[in-house]
Amino acid sequence: MNRSKILENRDDLIEGTFIYELHELRRFNKKLYFELIDGINDYLSAEQVAGRKPDQEMLSFLSWFVMGVMNSVIAHNNANDCYVIEDFDMSSWCEDYEGKLESLLNRIVALV
């Protein structure tokens with residue numbers, strides 16, 4: 001996944017992105033989630049091999065992405081919040097999704 005494809009997720013109005021589905025459709029599309037996480041990791045690896053660090057725009061997006069996903073999960077689990085993610089399984093979050101996000105966050109922190 002290239003830089004521009006990753007950054008499309010900044011705009012929650014671009015259909016077909018993970019963030020669009022999460023924010024606008026209130027769906028946690030696991031296929032798009034794993035594609036985005038894997039795409040980000042591939043991008044970061046390519047930058048590292050080339051001897052570059054991600055630019056500020058990418059770093060800003062990455063922190064926004066991690067926080068946005070976490071905030072969505074928190075809101076979903078808050079009985080006082082009307083935001084609900086359709087067909088969201090907390091056991092899958094704990095077993096699969098959260099670990100990928102945490103790994104990405106650790107990688108980002110190591111870059112800075």
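Yes/no per residue for (1) more than 16 Å from residue 73 (Cβ to Cβ); (2) at pLDDT 95 or above; (3) surrounded by 14 or more Cβ atoms within 10 Å (Cβ to Cβ):
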position: 5; (1), (2), (3): yes, yes, no
position: 18; (1), (2), (3): no, yes, yes
position: 35; (1), (2), (3): yes, yes, yes
position: 41; (1), (2), (3): yes, yes, yes
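Quick one: in region 35-83, of everything that is touching a helix residue (DSSP H, G or I) at 6+ places or on another chain (Cβ under 9 Å) and β-branched (Val, Ile, Thr), which residue is farthest from residue 6 (Cα to Cα)?
In this case the residue turns out to be 73.
Give the number of residues within region 1-39 that are free of Cβ contacts under 8 Å to residues at least 40 places away in the same chain, within 16 Å of residue 97 (Cα to Cα) and assigned to a loop (DSSP other than H, G, I, E, B).
Counting residues in region 1-39 that are free of Cβ contacts under 8 Å to residues at least 40 places away in the same chain, within 16 Å of residue 97 (Cα to Cα) and assigned to a loop (DSSP other than H, G, I, E, B) gives 1.
Return yes when residue 42 is under 11 Å from the mean Cα position of the chain (by Cα), part of a helix (DSSP H, G or I), of a type outside the set (A, V, I, L, M, F, W, C) and over 16 Å from residue 86 (Cβ atoms) and no when it is not.
Spelling it out, it is not the case that residue 42 is under 11 Å from the mean Cα position of the chain (by Cα), part of a helix (DSSP H, G or I), of a type outside the set (A, V, I, L, M, F, W, C) and over 16 Å from residue 86 (Cβ atoms).
So which residues in region 43-83 are surrounded by fewer than 12 Cβ atoms within 10 Å (Cβ to Cβ) and in contact (Cβ under 8 Å) with a residue 40 or more places away in the chain, if there are any at all?
Of everything in region 43-83, just one residue is surrounded by fewer than 12 Cβ atoms within 10 Å (Cβ to Cβ) and in contact (Cβ under 8 Å) with a residue 40 or more places away in the chain, namely 57.
The values are calculated or read from the model by the stated rules, or taken from the named source; none is laboratory data. Nothing here was measured: the structure is a model prediction, and the numbers come from that model. As a convention, Cβ positions derive from the backbone with ideal geometry for all residues, glycine included, and neighbour counts pool all protein chains shown.
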